[in-house]
Amino acid sequence: MATENMDYKDKGFLTSDTFMQLAFHYINEELKKAEYIFTKKEQLQEYHRMVINGEMGGWFAFLWDSYISDSSEEQTMIQILQNVKNRIQNKGSYITTAELQSIPTKDEDFKMFYNKPFPTEDLSKIISALIKMLEGTRDLTNYDMHINYYYS
């Protein structure tokens, strides 16, 4: 599990590409809705799918700078992230193993890694950091998320 820098406009944090696969799954599910308009929406969704499918494993690059065109799109992404965060928090304390195993991915390691419930608090922490990055209010640039979830 590689640790990668998530960076947007010189604000960021450190976390695992495996945790970003999970976050991007939920973000992409919300992003699919027709109400969200982005100049490069198809490319953004394809980038998320590449991450979810493990195609960037070990060399993950956080590319939102390339796909979010302006402040209006930043606000749209913040709304998406708020909705995702609310949806995750409504799941209770954990995302069940059954739900994790049902996430469509071509990455066989994903299914092996997520073999027990995942704490919703930790995923919410990642989503909150992404929101702060987009808002420009994240004050730390090399901050490790310290997600307490390990392969067993």
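Each value in this text was obtained by applying a stated rule to the coordinates, not by laboratory testing. The model shown is predicted, which means the values in this text are computed figures rather than measured ones. Heads up, the Cβs are rebuilt from the backbone with ideal geometry, glycines too, and the neighbour counts pull from every protein chain shown.
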So what is the 222 nm mean residue ellipticity for the chain from helices alone, if each DSSP H run of at least 4 adds -39500 (n - 2.57) and you divide by all residues, rounding to the nearest 500 deg cm²/dmol? -15500 deg cm²/dmol
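Relative to the Cα centre, what is the charge dipole magnitude of the range 1-90, using +1 at the beta carbon of each Lys and Arg, -1 at the beta carbon of each Asp and Glu, and rounding to the nearest 20 debye?
Working: 9 positive and 14 negative charges, 58 e Å.
Its charge dipole is roughly 280 debye.
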In whole Å, what is the distance between the alpha-carbon centres of the range 100-115 and the range 28-58? 18
Could you tell me which of rounded, prolate or oblate describes the range 81-152, using a ≥ b ≥ c as the square roots of the eigenvalues of the alpha-carbon gyration tensor, with rounded for a/c under 1.5 and, failing that, prolate when a/b is larger than b/c and oblate otherwise? prolate
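Stretch ASN86-GLU35 to full length: gain in nm at 0.36 nm per residue minus the Cα-Cα span? Could the numbers behind the result be given before it?
On the way: separation 51, 0.36 × 51 = 18.36 nm, distance 1.77 nm.
This chain segment gains 16.6 nm when fully extended.
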The aspartates and glutamates whose Cα lies under 18 Å from the Cα of LYS111, excluding any fewer than 8 residues away in the same chain, are ASP17, GLU55, GLU99
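Taking 0.36 nm per residue of sequence separation and subtracting the Cα-Cα distance, how much length would be gained by fully extending the chain between ASN115 and ASP144, in nm to one decimal? Each step should come with its number before you reach the end.
On the way: separation 29, 0.36 × 29 = 10.44 nm, distance 2.31 nm.
Value of the extension gain: 8.1 nm.
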